[in-house]
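Participant: My questions will all concern the structure given below.
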Amino acid sequence: QVQLVESGGGLVQPGGSLRLSCSASGTIFSIDAMSWYHQAPGKERELVATITSSGNTNYADSVKGRFTISRDNTKNSVYLQMNSLKPEDTAVYYCNMGIHTRWPFGQNYWGRGTQVTVSS
């Protein structure tokens, strides 16, 4: 009874910015880590950024200094601010959250993805 929905994707020129959002709804007791992944056609899904429940963050080397992940626990949401976008950032971006519907039972949930296209 949990759904994750991403938003904020779109078409942007190289050097531009986008802010992705992902909100979870349903039966939620608590949320552990929140993450963003991306997947380009023909490639593996890759971890982009993670933020723990305590606010610690980790980024893929390719996005360090350009992307910022944040979370709002009151809204069950995670965000990805993407600056200085490059064509190689083009992919479907998925959010992932470790969610406990009731303690201690939990699992990872995925959104359906939002397309980000960086092109001139």
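The values are calculated or read from the model by the stated rules, or taken from the named source; none is laboratory data. Treat the numbers as computed from the prediction; the structure is a model and nothing was measured. Ideal geometry is used to build each Cβ from the backbone, glycine not excepted, and the neighbour counts take in all protein chains shown. Side chains included, ligands, DNA and RNA excluded: accessible areas come from the protein's heavy atoms. Shrake-Rupley method; radii C 1.70, N 1.55, O 1.52, S 1.80 Å.
Participant: Taking the Cβ of residue 40 as the center, what net charge do the other residues with Cβ under 10 Å away carry, scoring Lys and Arg +1 and Asp and Glu -1? Don't skip to the answer; put the middle values down first.
Facilitator: Numbers: positive: 43, 45; negative: 44, 46, 88, 89.
Counting the neighbours of residue 40, the net charge comes to -2.
Participant: Restricting to DSSP loop positions (anything but H, G, I, E, B) with no more than 14 other Cβ atoms inside 10 Å of their own Cβ, which chymotrypsin sites (Phe, Trp or Tyr not before Pro) remain in the stretch 1-86? Let's see the in-between values first.
Facilitator: Values: sites: 29, 36, 37, 59, 67, 79; in loops: 29.
Listed in order of number, the matching sites are 29.
Participant: Each residue of the stretch 107-115 in turn: what ³J(HN,Hα) in whole Hz from Karplus with 6.51, -1.76, 1.60 and θ = phi - 60°, glycine and Pro shown as x?
Facilitator: 7, 7, 10, 10, x, 7, x, 9, 7
Participant: Return one whole number: the accessible area per residue of the chain in Å², for a 1.4 Å probe. Please list the in-between numbers first.
Facilitator: Values: 6590 Å² over 120 residues.
Spelled out: the 1.4 Å probe surface of the chain, per residue, equals 55 Å².
Participant: Stick to Cα atoms and the Kirkwood definition of Rh, then tell me Rg/Rh for the stretch 13-120.
Facilitator: Values: Rg = 14.0 Å, Rh = 14.2 Å.
When Rh is taken as the Kirkwood radius, the ratio is 0.98.
Participant: I would also like to ask the following. Pop out the carbon and sulfur fraction of the accessible area of the stretch 36-105 as a percent, whole number, probe 1.4 Å.
Facilitator: Working: 1820 of 3780 Å².
The C+S portion of the solvent-accessible surface of the stretch 36-105 is 48 percent.
Participant: Can you tell me which aspartates and glutamates have their Cα less than 15 Å from the Cα of residue 75? Leave out same-chain residues fewer than eight positions away.
Facilitator: Those aspartates and glutamates meeting the cut-off are 6, 32.
Participant: Would you please put 45-51, 104-110, 90-96 in order of how densely packed they are, using the mean number of other Cβ atoms within 10 angstrom per residue and starting with the highest?
Facilitator: Details: 45-51: 18.1, 104-110: 12.6, 90-96: 21.4.
Averaged packing, sorted descending, gives the order 90-96, 45-51, 104-110.
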